[in-house]
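What follows is a short report on a single structure.
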Amino acid sequence: MAAASVRIEVVSLFPEMIREALRHGIVGRALQRGLLTVGTEDPRAHTSDVHRTVDDRPYGGGPGMVMKPEPLCAAIRAARGRLPEGARTVALSAQGVVLTQQRVRELGAATGLVLVAGRYEGIDERVLESEVDLELSIGDYVLSGGELPALVLIDALARLLPGALGDERSAQQESFSAGLLDWPHYTRPEDYAGRRVPAVLLGGDHAAIDRWRLKQALGRTWQRRPELLQRLELDAQRAALLQEFMKEAGTDS
Ligand code: 9D3
């Protein structure tokens, strides 16, 4: 369970990118309600040369530029100074360990987080050694900086805050489908362009609906994310539902 309120500071050369994105949706409402506070700190504010230099060429040569230590460290310390003692510092980096819901939950337990969004080819290694507790990636694809990953992490953290979601999913529903992909969702009309809503969802047999949903969730996880299914220990009912799905997938669909 997340703390009652999380305080986050994002160190970024594009603070507007952070502030602008967070105005919308569930996160925007969590901010308005004070469940979450997000500040920003721009390393460029911690330069003193006329060009306000935040990057420099890599030692050893090669393409691209590296975020230089002094302005970045000064920004990190300024951001940390606004947070309670014991705040953790996380750099969003393509070299990081991959973010998972498990790691989101762990980070949600912190009262304060400094998120460092890198730009250019990367951050001077000495900043990572001296100021950063953890490097996080959001997956194996190349982005142009850490701002969108920082926003991804903030979004995932905000959803864990008590009261952040308008319509709380019950703990029972969570365990019903834990570790599985969602089942297919339908709303009106019953017939859309000749595609009908599955009949079981139209009747009032809630036990049958639960079985159908669980079977679809198991089947889709098997088809699309088999590695997720391998981690689960299926009980007899789930194993039987998956067997049914597999048999039917062999014939129709
Ligand atoms: C020479 C290899 N570089 C790619 C041209 C490495 C590289 C440097 C900087 C790759 C990406 C970036 C910028 N990316 C991030 O800062 C980043 C990121 C990502 O690219 N993918 C997934 N998660 C993240 S978190 C931060």
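Data table
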{"read-out": "Segment 84-100, subset more than 16 Å from the ligand (Cβ to nearest atom) and in contact (Cβ under 8 Å) with a residue 40 or more places away in the chain, residue nearest to ARG119 (Cα to Cα)", "value": "ARG88"}
{"read-out": "Matching residues in segment 205-224 - criterion: being closer than 20 Å to GLN173 by Cβ and touching a residue at least 24 places away in the same chain (Cβ under 8 Å)", "value": "ASP210, ARG211, TRP212, ARG213, LEU214, LYS215, GLN216, ALA217, LEU218, GLY219, ARG220, THR221"}
{"read-out": "Residue in segment 55-83 that is most open to solvent (accessible area, probe 1.4 Å), counting only those that are in contact (Cβ under 8 Å) with a residue 60 or more places away in the chain and not in a strand (DSSP E or B)", "value": "ARG82"}
{"read-out": "In segment 123-144, the residues that are near the ligand (Cβ under 8 Å from one of its atoms) and open to solvent by 20 Å² or more (accessible area, probe 1.4 Å)", "value": "ILE138, ASP140, TYR141, VAL142, LEU143, SER144"}
{"read-out": "Inter-residue pairs, beta-carbon under 6 Å, first at positive phi and within 10 Å of the ligand (Cβ to nearest atom) and in segment 110-122, second open to solvent by 10 Å² or more (accessible area, probe 1.4 Å) and assigned to a loop (DSSP other than H, G, I, E, B), 6+ apart", "value": "TYR120/GLY64; TYR120/MET65"}
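The values are calculated or read from the model by the stated rules, or taken from the named source; none is laboratory data. On a predicted model such as this, the values are computed, not experimentally measured, just so you know. In this analysis, Cβ positions are derived from the backbone assuming ideal geometry, glycine residues included, and neighbour counts consider all displayed protein chains. Ligands, DNA and RNA are excluded from the accessible area calculation, which covers all protein heavy atoms including side chains. Shrake-Rupley method; radii C 1.70, N 1.55, O 1.52, S 1.80 Å.
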